[in-house]
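A short reminder: the numbers here are calculations on the coordinates, not readings from a lab. All values reported here derive from a predicted model rather than from experimental measurement. When we count neighbours, we look across all protein chains shown, and the Cβ atoms used for this are built from the backbone with ideal geometry, even at glycine.
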Protein chains: 2
Amino acid sequence: MPAKASDVKLLREYVHKGWEFHIIDMLHDLEPVEIAELIEALDEESRGKFFMLLDVDTASEVISELSSASREDVLDDISDTDLARIVEDMDSDDAADLVGDLNAARAERVLAAMSPKESSDIKSLLMYPEDTAGGIMQRELISAHQGATVDEIVAKIRRLCSEIDNIHMVYVLDNKGVLVGTLPLVNLILSKPETPVSQIMDEEPMTVPVDMDQEEVAQLFRKYDYVVMPVVDDEGGLLGRITVDDIVDIIDEEATEDMFMLAGAEEDILTSSIMKNTTSRIPWLFVCWVGGVLITFLVNRFETTLSQLVGLAAFMPVILGMGGNVAAQSVTLVVRGIATGLVSSSNFVALAGKQLAVGFMLGVVYGILLGCVAYFLYPEMIRVSIVVALAIMNSMAVAAFLGTVLPMLFFQIGKDPAIASGPFVTTAMDLIAVVSYFVIATLLLF
Amino acid sequence: MPAKASDVKLLREYVHKGWEFHIIDMLHDLEPVEIAELIEALDEESRGKFFMLLDVDTASEVISELSSASREDVLDDISDTDLARIVEDMDSDDAADLVGDLNAARAERVLAAMSPKESSDIKSLLMYPEDTAGGIMQRELISAHQGATVDEIVAKIRRLCSEIDNIHMVYVLDNKGVLVGTLPLVNLILSKPETPVSQIMDEEPMTVPVDMDQEEVAQLFRKYDYVVMPVVDDEGGLLGRITVDDIVDIIDEEATEDMFMLAGAEEDILTSSIMKNTTSRIPWLFVCWVGGVLITFLVNRFETTLSQLVGLAAFMPVILGMGGNVAAQSVTLVVRGIATGLVSSSNFVALAGKQLAVGFMLGVVYGILLGCVAYFLYPEMIRVSIVVALAIMNSMAVAAFLGTVLPMLFFQIGKDPAIASGPFVTTAMDLIAVVSYFVIATLLLF
């Protein structure tokens, strides 16, 4: 959601005139995410100036909400010590993301300027790959020893609640730090102060292993409707927790990524400049172009066939187009099915068989239809009807089958299934369809 | 996630042999969503039989997790009175969804067999359109009068906590039922029993108007990282609450819907039978086919041009393909941008201009490249190079522009922007590209 135009106009004026007091006044009623939107709307030079007017508390929340471009503008203008204060105040997962994006020298300086506890938390988080449970978890949580009582836990919450947001659960640990239970806040409210926590906790809690892929974590949240989940190591030791707001972002990102990959584009074309937008689209389109040129050369090889009946060329677009559309449908089906968990290796063979059958049936339907059109155009040459009918049938069945199998194949070898889409599959499909068409025509017609 | 194959095999055997005791034993350790997955894996006749073995408590949770096909199988086998008991036990939002899907006569019978309070809750929810805040909210929540004290609220939570899941917040109301504040559970824990709620509540809470579109609600949750939000009427009266797990489902559904619509397919092709799958794809593909046939006739009109240089036909696939790919990129960009809030009417004109510029630049790049290929094939006819270069430039610029503008146009008139994709835009684009190509060729070549 872009910021309100009137707010942006006012803010630009204030920044331009250096009216700091007005700016601070304006920010008073805004949420951090709204302030971040205002920063996005400013030009590059003003962003840093404006950001420096925020207090550390606000700054630490605003900076997590900024796009990477604006964040860089802002970071350029802050001193390492100021940045250390801001990072200390951030949630550890966001802090680790930010520090991880700094260049190595600056990251070291910032970490050195922080309190030892905070900096070691961040360093430990930086060890986990970004797209795993460890990479998205935060260290801030309330834990208690299994021997503790309700009033001891309440005292601990009182001590920590200003630093920790969204306390939904208390995590109960044994002597070795292994998670043995979880305690929803509501259980805490309903129990007497002297109750031992081991009596009111939920035992055998669901946990996320620290090396689980973030997409799998998202599927767990989706499936079990969790709001928060604990992250553990191989021995069951508690390492951190993941909250649902981060999962919502991941689900969004993965869907965006898949959609753009399906269309053969990079995600950043939404925010990038004309030049960057153009250059980032060139490689993808180049694959498509090379395929197209290959088709050009192949069609030229059939010049004799074509010159005997020029009208054959007129059927090319519909034969290619129908195959392309069927392929797009099938690829989308598999990519989305894998992302939402509906398609997996256990039901894949059945799905591929089904898709081949569907493609074949669609091919028969449209083969007959296109055959009729050809008969209308060339009533004296019934064989033209047969050729185009066979060509479109072949194109659609191949498209349905490859469009289903290729994404799954990519997935099985650990690649993103959406790669099997856009330029690549379309181009391969076009090649197969065109060559088959002219081979069939050459064999049957002349 | 499909259920484990070994569990499914075992269950099929038990159901087949009628070993109810074994089945009940097997279900003991499973979550409702896992039991639902087992039901999905059974054949149609066994589903109802198996479902009837569940106790009301479990049944009410399992039934919300079933796909619509399995749910119908199960509902066919339950008596109206049993169904009434199950519906009473469901969360009101899920209950309303289920009752809303029954035929009118059965819905009335089931509602009549329920307790008056529960049935009136459901009736009131059924009045709101399905895809608005009212359609996704639930009535179950903890509210308190602004004059209440902490211990009174704790007593109320104790009374209701077995019926209400996920109590994150207490909603504070004035005499008229208007929401005046919210009270996170943690505030309750940290306050003395005699504290008046008005002293510890957060005032001016964020609310969702009951008629807000569900996509907008999802954007609010995303933006502000909410776990739960109260739903209010025009006067600020509290009507219900929306929890983040439903938002996760909506975000998922909307993304799936957009992706399938972009590919010109219905969502249900993932789960439907071969026949249904085929027929559901026929109409979409028909649009594409009609466009393709139209192109066939148009190309035929240029037979004279084509017969003078048969090789012109060979460039058609690459000219159409490049336009189609650019269009797919641009449509995806706008559709996803609208869904995530990055594209709106305020920044749209700038975006459309940018996309036209990008399309033009891409067209120049690939125009020059294709011109070179044409020169290689027809070194003696430099004009062929000019014709194909102009044709691909035109095709790509038009594709980038229309691919950006059409989805936005659909959005502005209240339609799904993703409609402007798949068969429709592709076909229109192909038509424009082919006709331009042959018009340019006819004018410049002969």
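Compute the distance from the alpha-carbon center of region B:146-218 to that of region A:216-253, in whole Å.
26 Å
Which FRET efficiency, nearest 0.05, do A:Glu194 and A:Glu257 yield, Cβ-Cβ r, R0 51 Å? Mind showing how you got there, number by number?
Numbers: r = 52 Å, r/R0 = 1.01.
Calculated value: 0.50.
Looking at region B:267-445 from every direction and averaging, what is the projected area of its Cα convex hull in nm²? Let's see the in-between values first.
Numbers: hull surface 48.2 nm².
For region B:267-445, the mean projected area of the Cα convex hull comes to 12.1 nm².
Using Stokes-Einstein with the Kirkwood hydrodynamic radius over Cα pairs, what translational diffusion coefficient do you get for region B:94-182 at 4 °C and a viscosity of 1.567 mPa s, in µm²/s rounded to a whole number? Spell out each step's value before the answer.
Numbers: Rh = 14.9 Å.
The calculation lands on 87 µm²/s.
Within chain A, which is the longest segment containing none of the GluC sites (Glu not before Pro) that sit in a DSSP loop and have at most 16 other Cβ atoms within 10 Å?
The answer is A:236-379.
Helix B:244-262 versus the longest principal axis of chain B: what is the Cα-based angle in degrees, 0 to 90, to the nearest 10?
20 degrees
To make sure I understand, if each residue's beta carbon is the centre and we count other beta carbons within 10 Å, what order do B:His28, A:His16, A:His168, A:His22 fall in, fewest to most?
Going from least to most buried by this count: B:His28, A:His16, A:His22, A:His168.
Evaluate the charge dipole of the protein assembly as shown about its Cα centre and quote only its size in Debye, nearest 20, assuming +1 on the Cβ of each Lys and Arg and -1 on the Cβ of each Asp and Glu.
Using Cβ point charges on Lys, Arg, Asp and Glu, the protein assembly as shown gives about 4520 debye.
May I ask which residue of A:Tyr226, B:Ser92, B:Ile274 lies farthest towards the positive end of the charge dipole of the protein assembly as shown, with charges of +1 (Lys, Arg) and -1 (Asp, Glu) on Cβ and the Cα centre as origin?
The one lying farthest along the dipole's positive direction is B:Ile274.
Any idea which of A:Met408, A:Leu160, B:Met127 is furthest toward the positive side of the dipole for the protein assembly as shown, if Lys and Arg beta-carbons carry +1 and Asp and Glu beta-carbons -1?
It is A:Met408.
Using the 10 angstrom Cβ neighbour count as an exposure proxy, how do B:Arg158, B:Arg85 rank, fewest first?
Ascending Cβ contact count within 10 Å gives the list B:Arg158, B:Arg85.
Between region B:377-396 and region A:4-29, how far is it from one alpha carbon centroid to the other, in angstrom?
54 Å
By how many degrees, between 0 and 90 and to the nearest 10, does the Cα long axis of helix A:56-65 differ from the longest principal axis of chain A?
The angle comes out near 10 degrees.
When Cβ neighbours within 10 Å are restricted to other protein chains, what is their mean count per residue of peptide A:53-65?
Other-chain Cβ atoms within 10 Å of each residue's Cβ, averaged: 0.
If you add up the charges near A:Lys176, with Lys and Arg at +1 and Asp and Glu at -1, over every other residue whose beta carbon is less than 15 angstrom from its beta carbon, what do you get?
-4
Using only the Cα atoms of the protein assembly as shown, what semi-axes does the equivalent ellipsoid have when each is the square root of 5 times a gyration tensor eigenvalue? Give whole Å, largest first.
53, 36, 24
Once you've got the GNM for chain B with C-alpha springs shorter than 10 Å, pick whichever of B:Ser395, B:Ser92, B:Ser79 has the biggest mean-square fluctuation.
Judging by the Gaussian network model, the answer is B:Ser79.
Under a point-charge model restricted to the Cβ atoms of Lys and Arg (+1) and Asp and Glu (-1), what is the dipole moment magnitude of region A:5-130 relative to its Cα centre, in debye to the nearest 20?
Here the size comes out at about 420 debye.
If you average the C-alpha positions of region A:47-96 and of region A:339-364 separately, how far apart do those two centres end up, in angstrom?
48 Å
Tilt of helix A:92-101 relative to the longest C-alpha principal axis of chain A, in degrees (0 to 90, nearest 10)?
In chain A, helix A:92-101 runs at an angle near 60 degrees to the longest axis.
Which distance in nm do the two modelled labels at B:Arg159 and B:Arg12 give, with both placed 7 Å along the Cα-to-Cβ direction?
It works out to 5.1 nm between the two label points.
At B:Ala105 and B:Ile274, where each label point lies 7 Å from the Cα along Cα→Cβ, what is the point-to-point distance in nanometres?
3.6 nm
For chain B, what does the helix formula give at 222 nm: sum of -39500 (n - 2.57) over DSSP H segments with n ≥ 4, over the residue count, nearest 500 deg cm²/dmol?
-21500 deg cm²/dmol
Full extension from A:Glu303 to A:Asp25: what is 0.36 nm times the residue separation minus their Cα-Cα distance, to one decimal in nm?
This chain segment gains 92.6 nm when fully extended.
Let's see if you can work this out: charge +1 on each Lys and Arg Cβ, -1 on each Asp and Glu Cβ, no other charges. What is the dipole magnitude of region B:140-188 about its Cα centre, in debye to the nearest 20?
With Lys and Arg at +1 and Asp and Glu at -1, about 80 debye.
Mind checking which of B:Ile242, B:Ile122, B:Ile368 has the largest fluctuation in a GNM of chain B, springs on alpha carbons under 10 Å?
Between B:Ile242, B:Ile122, B:Ile368, it is B:Ile368 that shows the largest mean-square fluctuation.
What residue among B:Met26, B:Ala36, B:Leu10 has its Cα farthest toward the positive end of the dipole of region B:1-97, where the charges are +1 on Lys, Arg and -1 on Asp, Glu, each on the Cβ?
Of the listed residues, the answer is B:Leu10.
Highest GNM mean-square fluctuation, chain B, Cα pairs closer than 10 Å: which of B:Asp213, B:Asp77, B:Asp97?
Fluctuation is largest for B:Asp77.
How large is the translational diffusion coefficient of region B:25-135 in µm² per second when you combine the Kirkwood radius over alpha carbon pairs with Stokes-Einstein at 10 °C and 1.306 mPa s?
111 µm²/s
Please arrange B:Trp19, A:Trp284 by counting, for each residue, the other beta carbons lying within 10 Å of its beta carbon, fewest first.
B:Trp19, A:Trp284
Please report the base-10 log of the normalised intensity I(q)/I(0) for chain A, using a Debye sum with one equal scatterer per alpha carbon and no solvent, at each q in 0.06, 0.08, 0.11, 0.12 (1/Å).
-0.43, -0.68, -0.98, -1.07
Of the listed pairs A:Lys276/A:Lys415; A:Lys17/A:Lys49; A:Lys192/B:Lys192; B:Lys223/B:Lys354; A:Lys223/B:Lys49; A:Lys9/A:Lys49, which have alpha-carbon separations greater than 19 Å here?
Violating the 19 Å limit, Cα to Cα: A:Lys276/A:Lys415; B:Lys223/B:Lys354; A:Lys223/B:Lys49.
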